[in-house]
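Worksheet for the structure shown next.
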Amino acid sequence: MVKLFFFALVGSAALFNSTYTFGQALETVRVGIPSPSLSVLALRTAQVKNLFREEGLEVSLIQLATNVTITALTTKEVDYATASVAAMRSAISGLPVKTVMFVVRRPLHVLVARPEINSAQELRGKIVSIGAYNDLTDFVLRALLAPHNMDREKDIKNLVISGSGSRLTALLTGTIDAAILPPPFNIEAEKKGFKRLASGADVYEGGITGLSTHTDKLRDKPHQIRKMIRALLKGHTFLKSNKAESVKLISDWLKMDSLVAGASYDMYLNALSDDGLVSDRALMLDIARTREAMKIKDEVPLSRVADFSLVKEVGGRATGR
């Protein structure tokens, strides 16, 4: 068993002292997240707006390193994880985890370059930074270069810098010529005159951020998964319908000024999965990329990494389908 060290506890437990609502005991749920960020905004919204509690759930978001989260998920020390890419890799490796819905299906990342660079073609021979090889930043950069007949390995100089804040610093200080950055880091760079050359959301669809769980929970507690899905879909509806309040929520939670929070909100909506799904085609491409990175030759069926039966059921009931 893994002993969990909670770096930060961000959740309804910090907002509410009572574990009861309308005379009913709330079911405790723990969700592992990599960090408080825009990618898990729907979960934070469901907490702040009491959407989880309306479903009878007391949900805590627990900040853990991604590898620790996946280990905790397999040992059932957390109930869910939002790191869908890591969950997919784990499922392909044979661990008993599956993704049951997606919150974000397009990347929030964009390609930002020095002010004098005006197009992706001008990056030939230049230094471009990603977070790691074979991670989302790498896949997004490859997808952004492809329409220009450019190859990440041949046409640019690659520099791996872990951490979006560190990549932003390297860009601002001239160490690199361009970087893949998510909000608010790209917005901070753009405010200083750096140029957004392309957006990952325009060229890439896949399993970005979702809700992954142990396969035993699918068997033993489908009712809990349905409640989680309903609350998150309600969160999506709230975010789409209440821009001003959503921007304030982002600003207060992530300590952004209102202009940066507003721009981040617009990028988030462009990446949001309205129905909690990602197309089978996009997920099979994700699986293919992951198999290539892990050097796995055997075919991997979609059913090994995802089970969308409950999100389809919940979504169908909500819309009358």
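Taking the DSSP bridge list for the chain and keeping only pairs wholly inside it, about 60 percent are antiparallel. For the stretch 201-321, a simple Cβ point-charge model (Lys and Arg +1, Asp and Glu -1, everything else neutral) yields a dipole of about 480 debye relative to the Cα centre.
Positive end of the dipole of the chain (Cβ unit charges, origin at the Cα centre): among ILE225, THR99, ASN158, the Cα lying farthest that way belongs to ILE225. What's the extension gain from ASN149 to MET284 if we count 0.36 nm per residue and subtract their Cα-Cα distance? Once the chain is fully extended between ASN149 and MET284, it gains 46.3 nm.
Highest mean packing first, where packing is the average number of other Cβ atoms within 10 Å per residue, the peptides 224-230, 76-82, 126-132, 176-182 line up as 176-182, 76-82, 224-230, 126-132.
Given [x] 141; [y] 152; [z] 120, which label gives volume of the Cα convex hull per residue in Å³ as computed from the coordinates? Computing volume of the Cα convex hull per residue in Å³ and matching it to [x] 141; [y] 152; [z] 120 gives [x]. Considering only SER39, VAL110, ILE127, the residue lying farthest towards the positive end of the dipole of the chain is SER39, judged by Cα position with unit charges set on Cβ. Here the gap between ASP220 and LYS195, fully extended at 0.36 nm per residue and compared with their Cα-Cα distance, gives a gain of 4.0 nm.
Given +1 at the Cβ of Lys and Arg, -1 at the Cβ of Asp and Glu and no other charges, the dipole of the chain around its Cα centre is 140 debye to the nearest 20. Each Lys and Arg contributes +1 and each Asp and Glu -1, all at the Cβ; summed about the Cα centre of the stretch 220-272, the dipole is approximately 340 debye.
Placing a label point 7 Å from the Cα of GLN24 along the Cα-to-Cβ line, the residues of the stretch 234-252 whose backbone N sits under 18 Å from it are 234-235. Subtracting the Cα-Cα distance of ALA132 and LYS255 from their residue separation scaled by 0.36 nm leaves 41.6 nm. Run through the stretch 257-321 and list the GluC sites (Glu not before Pro) located in a DSSP loop whose Cβ has at most 11 other Cβ atoms within 10 Å. Qualifying residues, ordered by number: GLU299. How high is the FRET efficiency from THR75 to ARG124, r the C-beta distance, R0 51 Å, rounded to 0.05? It comes out at approximately 0.60. For LEU197, the amide hydrogen comes within under 5 Å of the amide hydrogens of LEU111, VAL112, ALA113, counting only partners 5 or more places away or on other chains and with H modelled in the peptide plane. Reachable lysines from LYS240, Cα under 24 Å, same-chain residues fewer than 8 places away excluded? Here the lysines satisfying the reach criterion relative to LYS240 are LYS49, LYS227, LYS248, LYS255, LYS312. Among the lysines of the stretch 57-207, pairs that are 8 or more positions apart or on different chains and have alpha carbons within less than 16 Å of each other number 4. Annotation: amide H of GLN63 within the under-5 Å range of PHE7, ALA8, VAL10, ILE33, sequence separation 5 or more or interchain, hydrogens built in the peptide plane. Taking the 0 to 90 degree range and rounding to the nearest ten, how far is the long axis of helix 222-241 tilted relative to the main principal axis of the chain, both from C-alpha atoms? Between helix and principal axis, roughly 50 degrees.
Just so you know, all these numbers are worked out from the coordinates, no wet-lab data involved. The model shown is predicted, which means the values in this text are computed figures rather than measured ones. Cβ: placed from backbone, ideal geometry, glycine included. Neighbour counts: every protein chain shown.
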